[in-house]
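The values are calculated or read from the model by the stated rules, or taken from the named source; none is laboratory data. Computed from a predicted structure; not experimentally measured. Neighbour counts are summed over all protein chains in view; Cβ atoms, including those assigned to glycine, are modelled from backbone coordinates with ideal geometry. What goes into the accessible areas is simple: the full protein's heavy atoms, side chains included, and nothing from ligands, DNA or RNA. Shrake-Rupley method; radii C 1.70, N 1.55, O 1.52, S 1.80 Å.
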Amino acid sequence: MDLADILSKEQIIPELRAANRWEAIDELIGNLVATGKIKPEHRDAIIGFVRKREQSMSTGIGLGIGIPHACKGLTADMVPEVIGAFGRSKTGVAFEAADNQPVKFAILFLVPEGQFQKHLHTLANISKLMHRPELRHALETAPDAESMLAVIRESAGKR
């Protein structure tokens, strides 16, 4: 799946308040609860699965990009389909990234357990998209969530 397929403008946070990766994960999952993508009673369990994945190795891949994600343990009741949330931080989030730079773009996605190929393809597609310098620049300068979504859709060839 592409990033454009799993986001709505409501699932984009134009200014993350988080100072570190743990707060960013909480904030992004909070967004998915607020937008009705995750049931409130599943919030803590999902945070636990994403944190467990993140503890094994930071998903800060460099270039100001963090892609926290989880698949293992996420039942179809918790996550019936691939879902995501996108956060931008103009000041940067401490993410223990591969290049030791702060993360400006945190892209959380969740995949139901047992859909390993979909998980890998989604991760690869998001990574490939976010490695484009012109896309990152356009996302940095977009004034709001709606504009950010338009940039993502245009880059993915979806309007």
Problem set entry | Qualifying residues in segment 99-134 (those that are more than 23 Å from residue 154 (Cα to Cα) and charged (D, E, K, R)) - the one most open to solvent (accessible area, probe 1.4 Å) | 113
For this session: Go through segment 89-98 and count every residue that is buried (at least 21 other Cβ atoms within 10 Å of the Cβ) and in contact (Cβ under 8 Å) with a residue 60 or more places away in the chain.
Result: 3
Exercise. Inside segment 133-157, can you point out the residues that are part of a loop (DSSP other than H, G, I, E, B) and modelled with pLDDT of 95 or more?
Worked result: 142, 143, 144
Problem set entry | Whichever residue in segment 23-39 is of a type outside the set (A, V, I, L, M) and under 12 Å from residue 79 (Cα atoms) and, among such residues, is surrounded by the most Cβ atoms within 10 Å (Cβ to Cβ) | 37
Seminar exercise, completed: Result of the Cβ filter at 8 Å on segment 123-145, keeping first residues that are over 14 Å from residue 2 (Cβ atoms) and free of Cβ contacts under 8 Å to residues at least 24 places away in the same chain and partners that are open to solvent by less than 60 Å² (accessible area, probe 1.4 Å) and part of a helix (DSSP H, G or I), at least 6 apart or interchain, is 138/151; 138/155
